[in-house]
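Enquirer: Please find one structure pasted underneath; my questions will follow.
The values are calculated or read from the model by the stated rules, or taken from the named source; none is laboratory data. Note that the coordinates shown come from a computational prediction; the quantities given were computed from them, not determined experimentally. Heads up, the Cβs are rebuilt from the backbone with ideal geometry, glycines too, and the neighbour counts pull from every protein chain shown.
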Amino acid sequence: MRKTLLYSALILLSALFIAPFYWTFMTAIKSTAELYQFPPVFWPSEWHWENFAAAWNKQPFGTYLTNSLIVVVLSTIGQLISSSLVAYGFARFRFPGRDPLFILLLATMMIPWDVKMIPLYMEFNLLGWINTLKPLIVPAYFADAFFVFLLRQYIMTVPVEIDEAARMDGANAFDIYWRIHLPLMMPALVLVGTFHFMNAWNDYLGPLIFLNDQSKYTLTLGLSMFKGLHEVDVTSIAAITVILCLPPLALFFVAQRYIMDGAVGSSVKG
Amino acid sequence: MDMTYATAAAPTVAKRKRSAFARHIVAYLFISPWILGFLFFTLGPLVFSLTMSFYDWPVVGERTFVGLDNYRSMLFEDQQFWESLWITVKFAAIYVPFNIVMSFLLALMLHHIRFASGFFRTAFYLPSVISGVALVTIWSWIYSREYGLLNFMLSFVGIDGPNWLGDPNLAIIAIIIASLWGLGGTMLILLTGLKAIPKELYEAATVSGVPGWAQMVFITLPMLGPMLLFTFITSIISAFQQLTIALLLTKGGPLGSTYFFAMYIYDNAFKYFDMGYAAAGSWVMFIIVLLLSLGVMRWSAAWVYYEGEVRQNDGDGHA
């Protein structure tokens, strides 16, 4: 009985979250005639799969895809390594200035992007990085405050006794990070990797500011180009949106089992 | 390079000092990526923008030092500053509690089911996967007065749908709903936290006859403390930086009812090209958010419990 109630509520709520997505997909695949019909068409009479190819060919999306992939893959690797190292440092050591530094780290999360954007542009310009993918990749190798905080909270739920036992067995600080904490925080790392992937993949502002040539564009910039034209190309926007959603969605499907079934509590206990 | 910890063998005073020093070096090595990043990608730009806030700094042309003039005229002469700040505070006051409570309830529900849990988890996370540009496009279709999905649904129950994005009272609600649509990330973090609570705690409590509500208050909430604190602070931050949705969905209107503080800064920088004034505005926002977060952190000491916390008295050489 309670389960029935729970599932009814979940089905109703999840509909609210899925419906707009369904709507986007149907918009992408409808004929132009059905697009502007009222009442709205929920199940198109004809499925125009060619809308996707047509939208894709309206701009050099193959090039955009390559650029997006380079940025996302390289920056995710950097983010995972650097953020976990820093999180471990903050969670497991006492050193002069630790607490003020950690507050400083938290403070950096609260800096409005507006404050940094113009000066950052000038800095990257000085380095000759404007109109390259570097401004979108390199900063990821210097740890992100958000992810450090998340991973540090995670490490702090692991009893210190585990570290001490390893130290008794002769493990050094890096061993403990590498052999104990990295495996233990795998669920959190998958979470961080997934989040970063989404951020980098969906990032609009960064590419907009740092890239000039169309040959350097990422997918989101391409998508926004449709909005810049005199008339909004609804079908193409919807089609590219659907395509843009597929990789992060696929990643989430793979990752979610790992996140949820991960050995979060079980390996720590006992 | 010697990266080892202090050995367990009875240490002499000198040896203990040396190992403490070595440990400090190791600790700084671990956090060095962030320190370098902080210097080059945060502190540098920050100092620069702080400098700008004391100048009349147009994009082209002469810049002149004006001291605190930007701040003074913002606080005492600029009505738009106070209006946009008030709109942002209103937005945060509604968005933050809703975001956390709804995420928590959804996470709890998902935690208690087995069948199809993956499906529901994905369903709730789906909107967070969509890019900002796309999200706004979708919501403008939903809210559209005549062709909108929302008003079409309302017509079934006999309600003549209002002009969601054209009514000053409704537009901010429309933006809150669109923002809450992306709560999947918060929900996921809380769900990960719930899964990490050892089941033995609940089993022991149930055996001892502790009722369900008490298990919630004395086990779930305290154990989830660090995660709740985390989502609380990040929600406040994202609420204050709200820009993309409002910028693209309502452009600050109607009648300035969704003219957020971030948009006020954005306009000063990129519409009026008054970089110094915009920099001053961004520093005001920075300080407000910082004070709010520190307040929450201090308050949280009362209810956040860290199982693995390094206690005050077991560390070596804490200056």
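Enquirer: Give the number of residues within segment B:121-147 that are assigned to a loop (DSSP other than H, G, I, E, B) and either at pLDDT 80 or above or within 9 Å of another protein chain (Cβ to nearest Cβ) (or both). I'd like the intermediate steps shown before the answer.
Expert: Of segment B:121-147, the ones assigned to a loop (DSSP other than H, G, I, E, B) are B:130-131, B:144-147.
Filter once more, keeping what is either at pLDDT 80 or above or within 9 Å of another protein chain (Cβ to nearest Cβ) (or both): B:130-131, B:146-147.
Matching residues across segment B:121-147 total 4.
Enquirer: Just a yes or no: is a residue in segment A:156-169 facing another protein chain (nearest Cβ under 7 Å), more than 17 Å from B:Pro33 (Cα to Cα), touching a Ser or Thr at 6+ places or on another chain (Cβ under 7 Å) and surrounded by fewer than 20 Cβ atoms within 10 Å (Cβ to Cβ)? Quick ask: steps written out before the conclusion?
Expert: Of segment A:156-169, the ones facing another protein chain (nearest Cβ under 7 Å) are A:156-160, A:167-168.
Next cut, more than 17 Å from B:Pro33 (Cα to Cα) only: A:156-160, A:167-168.
Adding the requirement that they be touching a Ser or Thr at 6+ places or on another chain (Cβ under 7 Å) leaves none.
Within segment A:156-169, none of the residues are facing another protein chain (nearest Cβ under 7 Å), more than 17 Å from B:Pro33 (Cα to Cα), touching a Ser or Thr at 6+ places or on another chain (Cβ under 7 Å) and surrounded by fewer than 20 Cβ atoms within 10 Å (Cβ to Cβ).
Enquirer: Follow-up. Taking segment A:26-72 as the region of interest, how many residues are among the charged types (D, E, K, R) and in a helix (DSSP H, G or I)?
Expert: Narrowing segment A:26-72 to residues among the charged types (D, E, K, R): A:30, A:34, A:46, A:50, A:58.
Still in the list and also in a helix (DSSP H, G or I): A:34, A:50.
Within segment A:26-72, residues that are among the charged types (D, E, K, R) and in a helix (DSSP H, G or I) number 2.
Enquirer: What number of residues in segment B:183-234 are within 14 Å of chain A (Cβ to nearest Cβ) and assigned to a helix (DSSP H, G or I)? Spell out how you get there, then give the answer.
Expert: Within segment B:183-234, the subset within 14 Å of chain A (Cβ to nearest Cβ) is B:183-204, B:212, B:219-220, B:222-234.
So of that shortlist, the ones also assigned to a helix (DSSP H, G or I) come out as B:184-195, B:199-204, B:212, B:219-220, B:222-234.
Total meeting the criteria: 34.
Enquirer: Can you name every residue in segment A:107-137 that is at pLDDT 90 or above and in contact with a Pro (Cβ under 6 Å, 6 or more places away or on another chain)?
Expert: Passing the criteria: only A:Trp129.
Enquirer: Only one of these is among the aromatic types (Phe, Trp, Tyr) and either within 26 Å of A:Asp203 (Cα to Cα) or in contact with a Cys (Cβ under 9 Å, 6 or more places away or on another chain) (or both): B:Trp139, B:Trp82, B:Trp86. Name it.
Expert: On the way: B:Trp82 fails: either within 26 Å of A:Asp203 (Cα to Cα) or in contact with a Cys (Cβ under 9 Å, 6 or more places away or on another chain) (or both); B:Trp86 fails: either within 26 Å of A:Asp203 (Cα to Cα) or in contact with a Cys (Cβ under 9 Å, 6 or more places away or on another chain) (or both).
The unique qualifying residue is B:Trp139.
Enquirer: List the number of the failed condition for B:Tyr143; all other conditions in (1) buried (at least 22 other Cβ atoms within 10 Å of the Cβ); (2) within 30 Å of B:Gly225 (Cα to Cα) hold.
Expert: Going through (1) buried (at least 22 other Cβ atoms within 10 Å of the Cβ); (2) within 30 Å of B:Gly225 (Cα to Cα) one by one, B:Tyr143 breaks only (2).
Enquirer: If you don't mind, there's one more thing I want to ask. Kindly provide the set of residues from segment A:118-130 that are touching a residue at least 24 places away in the same chain (Cβ under 8 Å) and surrounded by fewer than 20 Cβ atoms within 10 Å (Cβ to Cβ), ordered by number.
Expert: Scanning segment A:118-130 gives A:Tyr121, A:Trp129, A:Ile130.
Enquirer: Here's a follow-up. From the list B:Leu154, B:Leu108, B:Leu150, which residue is free of Cβ contacts under 8 Å to residues at least 12 places away in the same chain, surrounded by fewer than 20 Cβ atoms within 10 Å (Cβ to Cβ) and either of a type outside the set (Val, Ile, Thr) or more than 8 Å from chain A (Cβ to nearest Cβ) (or both)? Don't jump to the end; show me each part of the working.
Expert: Numbers: B:Leu108 fails: free of Cβ contacts under 8 Å to residues at least 12 places away in the same chain; B:Leu150 fails: free of Cβ contacts under 8 Å to residues at least 12 places away in the same chain.
Just a single option satisfies the conditions, and that option is B:Leu154.
Enquirer: State the number of residues belonging to segment A:1-25 that are within 14 Å of B:Ile142 (Cα to Cα) and either over 24 Å from the mean Cα position of the chain (by Cα) or in a loop (DSSP other than H, G, I, E, B) (or both).
Expert: Residues in segment A:1-25 being within 14 Å of B:Ile142 (Cα to Cα) and either over 24 Å from the mean Cα position of the chain (by Cα) or in a loop (DSSP other than H, G, I, E, B) (or both): 0 in total.
Enquirer: Any idea which residue in segment B:46-83 is surrounded by the fewest Cβ atoms within 10 Å (Cβ to Cβ), counting only those that are within 13 Å of chain A (Cβ to nearest Cβ) and under 30 Å from B:Ile172 (Cβ atoms)?
Expert: Among them, the one singled out is B:Ser53.
Okay, residues lined up against (1) within 7 Å of chain B (Cβ to nearest Cβ); (2) loosely packed, with under 14 Cβ neighbours inside 10 Å:
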site	(1), (2)
A:Pro40	yes, no
A:Pro44	no, no
A:Gly62	no, yes
A:Gly78	no, no
A:Phe93	yes, no
A:Pro96	yes, yes
A:Asp99	no, yes
A:Met109	yes, no
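Enquirer: Still on this structure, I have one more. Please go through segment A:239-251 and pick out each residue that is out of contact with any Leu (no Cβ under 9 Å at 6 or more places or on another chain), buried (at least 19 other Cβ atoms within 10 Å of the Cβ) and more than 22 Å from A:Leu133 (Cβ to Cβ).
Expert: Scanning segment A:239-251 gives A:Ala239, A:Val242.
Enquirer: Considering segment A:170-188 alone, what residues qualify as being in a helix (DSSP H, G or I), more than 20 Å from A:Leu105 (Cβ to Cβ) and more than 7 Å from every other protein chain (Cβ to nearest Cβ)? Explain how you work it out, then say what you get.
Expert: Just the residues of segment A:170-188 that are in a helix (DSSP H, G or I), to begin with: A:173-184, A:186-188.
Right, trim to more than 20 Å from A:Leu105 (Cβ to Cβ) and you get A:174-176, A:178-180, A:182-184, A:186-187.
Correct list: A:Asp175, A:Ile176, A:Trp178, A:Arg179, A:Ile180, A:Leu182, A:Pro183, A:Leu184, A:Met186.
Enquirer: Okay, moving on. Of the conditions (1) of a type in the set (Ser, Thr, Tyr); (2) buried (at least 19 other Cβ atoms within 10 Å of the Cβ); (3) more than 8 Å from chain B (Cβ to nearest Cβ), A:Thr66 clears all except one; give me its number.
Expert: (2)
Enquirer: Between A:Val71, A:Val86, which is crowded, with 19+ Cβ neighbours inside 10 Å and more than 8 Å from chain B (Cβ to nearest Cβ)? Working first, answer last.
Expert: Values: A:Val86 fails: more than 8 Å from chain B (Cβ to nearest Cβ).
Going through A:Val71, A:Val86 in turn, the sole match is A:Val71.
Enquirer: Shifting gears a bit: Tally time: how many residues in segment B:260-273 are surrounded by fewer than 20 Cβ atoms within 10 Å (Cβ to Cβ) and at pLDDT 85 or above? If you could, list the steps in order and put the result at the bottom.
Expert: The first filter runs over segment B:260-273 and keeps only residues surrounded by fewer than 20 Cβ atoms within 10 Å (Cβ to Cβ), leaving B:267, B:270-273.
Of the ones still in play, those that are also at pLDDT 85 or above are B:267, B:272.
Within segment B:260-273, residues that are surrounded by fewer than 20 Cβ atoms within 10 Å (Cβ to Cβ) and at pLDDT 85 or above number 2.
Enquirer: In segment B:223-246, is there at least one residue being surrounded by fewer than 16 Cβ atoms within 10 Å (Cβ to Cβ) and at pLDDT 85 or above?
Expert: Looking through segment B:223-246, none of the residues is surrounded by fewer than 16 Cβ atoms within 10 Å (Cβ to Cβ) and at pLDDT 85 or above.
Enquirer: Sticking with this structure for a sec: Within segment B:163-182, which residues are over 11 Å from B:Gly253 (Cα atoms) and part of a loop (DSSP other than H, G, I, E, B)?
Expert: Across segment B:163-182, the qualifying residues are B:Asn163, B:Trp164, B:Trp181, B:Gly182.
Enquirer: Looking only at residues that are facing chain A (nearest Cβ under 7 Å) and either surrounded by fewer than 20 Cβ atoms within 10 Å (Cβ to Cβ) or outside any helix (DSSP H, G or I) (or both) in segment B:25-45, which one is farthest from the chain's Cα centre (by Cα)?
Expert: Looking only at segment B:25-45, we keep the residues that are facing chain A (nearest Cβ under 7 Å), and these are B:26-28, B:30-31, B:33-34, B:36-38, B:41-42, B:44-45.
Still in the running and either surrounded by fewer than 20 Cβ atoms within 10 Å (Cβ to Cβ) or outside any helix (DSSP H, G or I) (or both): B:28, B:36, B:44.
Working: B:Tyr28: 27, B:Leu36: 24, B:Gly44: 23 Å.
Step by step, filter segment B:25-45, then rank; the result is B:Tyr28.
Here's the yes/no breakdown for (1) surrounded by fewer than 16 Cβ atoms within 10 Å (Cβ to Cβ); (2) of a type in the set (Gly, Ala, Ser):
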residue	(1), (2)
B:Val101	yes, no
B:Ser117	no, yes
B:Phe120	no, no
B:Ala134	no, yes
B:Ile176	no, no
B:Leu191	no, no
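Enquirer: Pull up segment A:194-224, narrow it to residues that are over 26 Å from A:Val115 (Cβ atoms) and surrounded by fewer than 20 Cβ atoms within 10 Å (Cβ to Cβ), then point me to the one that is nearest to the other protein chains (Cβ to nearest Cβ).
Expert: Only one residue fits best here, namely A:Gln214.
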